[in-house]
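Values quoted throughout were computed directly from the atomic coordinates according to the rules given, and no laboratory measurement underlies them. Since the model is a prediction, treat every value here as computed from it, not as a measurement. Here Cβ is always computed from backbone atoms with ideal geometry, including for glycine, and neighbour counts include all displayed protein chains.
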Amino acid sequence: MLWALLAVGSAHGCQGLTAGAALGSADSTWQEQGEQGQRLVREQGRLARAQLSAEAHCLGWAWRASATQARGSRAYDGVSTTGTSIRTGSRIVQSVLALDAMRPFWPQTELGLQAELHLTRRDIASAGLVLGYPEKFQHLQMAVGARQRWATEGGGEFQIEGWWGASPWGRLKLDLPNADASTLPLGRGRHWRALAAWQAPLADGWSWRLQAQADSISWQRGSSRALRRGEVVSGSAWQPATRQSGWDVSLGWTKAF
Amino acid sequence: MQQFNKLLALSFVSAAMLSACGGGGSDSGSAGPGSSARLPITSANYVTVSQEALSTSYFMADSGGLVTGAKVLDERQLMAFVRSQSALMPSRLHGAPKVVTGATQTLTESCDGGLGSISLTLTDLNGNGDLDTGDSAAIVASNCSFNGDTMSGSMTMSVASITGNLSGTVYEVNYNIAINGLSVISGGDKITGSGNMRLGMVSTGLNRTVTTISVDSFQVVGTQGGINANRGLSDFRFVDEHTPSGSSYSSAVSVSGTLSSSALGEQAVSFVTAKPFVRAGNSQARITVQSGSAVLLELDANGDGSFETSTTKPWYELV
């Protein structure tokens, strides 16, 4: 997709086409809270992260598209539906498609918009008699942001970015072992991201880029849906108030065309 | 006391142990007692009937459950609360301030995270701080946080009889438990249970126990995901016998009772282990454990003794 965007951008007279790849490591924390604010679940773990990206200047805007995948596991500390304290683990696969556009408003300062589609598979392991199950989260994030750039010696650049936004849509596909698969809506979400990056040129249009970022998204409790086994209502389920946060460091290379 | 509490917890998990080890051989069943509104079992409903019969038995007895990812609400949370209160009764009596013999005292405890409360009225007949025949606890939950849910309503527990030493391996204890409009509320959904049951535990040695849950009548009504549902259980009896097996134990479980529910169109079926598991009128369904993870459901729609329709389900889909 990124290469297609580059080709389209090139065909429409876009300037400053670059493509990049990065590898990194992310610390990921997931917390769920009950309706009275009590903690239900806390997960924490490290995910390996890979990203492909493309950038271009078109129509007066700086466009950036990226595809990111993170994989790993988190340690799970929570409770069962019947109140037993449970420690187990969850396997995580996160995919993010992102598109942002920024344009300069002041020297070295840009403002912009960002849209992201997040797909997360979370597979919680069973613990003894307490059964685990897989979950698939899908949500959109929309944000406004700002970027500040500073030139560094040797033609390099240091930049910081900040993004603030909301999640206008999200859902959870739930596959409980004792009920038919169901889809639950996520509550309203808010998120922020802060990013700092240092980029320096190499040779022949190549550059390297070191980046660190922290982000967080919080969802309110989603509304409940009936669980069924065939035609029979066997219970109900909803996604509790949830906060996912993390930070990561990545190292990447970009090529200017 | 620790062993007693462990047994109390085990008494509710043993049905799951049966599925894990295939203990007790095949679980099958036969016709239950007559009912005024008996549901015919057909090829269209025998899976539903079997699921309802098994899952009802399990919600009374199971403490396994699911991990919390999404928050799930079903009847098991009610019984989990009852279990937790049963397990706390000896320590509550022991820890209560000493008062004159036969006095009743009222205490208030905070719930998880200090959210909501439980009001306890404890009666220690002889004032010795130990569990004795006639001792009782009346428990009123007020917006009490329990496992991320909110509990409200009341229950009473009384010791019908007790002999031996609960801290040892030889004892017998029988509780009478009355549940009065006990509700679990979560995510806008609510499940309320009312009824009477008896819990008996007999231990004659290490890993040699018999646990019995007898339910005269128990009704559960609720709204789940905006849908109203109910279940009624009567003459229910769950017996779990542990016998030593190596350093652990083997378990044999038998269950019987009569169930009606909204899933069954408010009609009733009776179920009993050993020989056809579920029967209504001439029709019958048989549930046979195939392995630790699979269960065979069979239908004899005309009651001629030949099971003409069958399907195999994972055990976890049924409970």
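Averaged over peptide A:225-231, the number of partner chain Cβ atoms lying within 10 Å of each residue's Cβ comes to 6. Counting only alpha carbon atoms, the long axis of helix A:2-11 and the longest principal axis of chain A meet at about 40°.
Each part gets one Cα centre, and for the stretch A:90-107 versus the stretch B:130-145 those centres are 55 Å apart. Principal axis extents of the Cα atoms in the stretch A:40-85, from largest to smallest and rounded to whole angstrom, are 57, 19, 11.
What would the Debye equation give as log₁₀ I(q)/I(0) for chain A at q = 0.12 Å⁻¹, counting only Cα atoms as equal point scatterers? The calculated log intensity ratios at q = 0.12 Å⁻¹ are -0.77. Extent along the principal axes, Cα only, for the stretch A:129-257: 68, 29, 25 Å, with the longest axis given first. Modelled spin-label separation between B:Asp216 and A:Leu59, with each label point placed 7 Å from Cα along the Cα-to-Cβ direction: 7.6 nm. With only Cα atoms counted, the stretch A:92-185 has Rg and Dmax values of 19.9, 62 Å. Counting Cβ atoms of other protein chains within 10 Å of each residue's Cβ and taking the mean over peptide B:138-148 gives 3.
Give, to the nearest whole percent, the P(r) tail of the stretch A:132-186 beyond 13 angstrom, counting all Cα pairs. Cα-Cα pairs of the stretch A:132-186 separated by over 13 Å account for 72 percent. Student exercise: in the protein assembly as shown, how many lysine pairs 8 or more apart or on different chains have Cα atoms under 22 Å apart? Taking the protein assembly as shown as the scope, the lysine pair count is 5.
Counting Cβ atoms of other protein chains within 10 Å of each residue's Cβ and taking the mean over peptide B:215-225 gives 3.
The mean sequence separation of alpha-carbon pairs under 8 Å and at least six residues apart, normalised by the residue count of the stretch A:2-256, gives a relative contact order of 17 percent. Relative to its Kirkwood radius, the Cα radius of gyration of the protein assembly as shown gives an Rg/Rh of 1.10. Kirkwood hydrodynamic radius of the stretch B:41-196, from the reciprocal of the average inverse Cα-Cα distance over all distinct pairs: 17.2 Å. GNM on chain A, C-alpha springs below 10 Å: top fluctuator among A:Arg91, A:Arg228, A:Arg42? Ranking A:Arg91, A:Arg228, A:Arg42 by mean-square fluctuation puts A:Arg228 first. Rounded to the nearest 500, the 222 nm mean residue ellipticity of chain A from helices alone is -1000 deg cm²/dmol, with -39,500 (n - 2.57) taken per DSSP H run of at least 4 residues.
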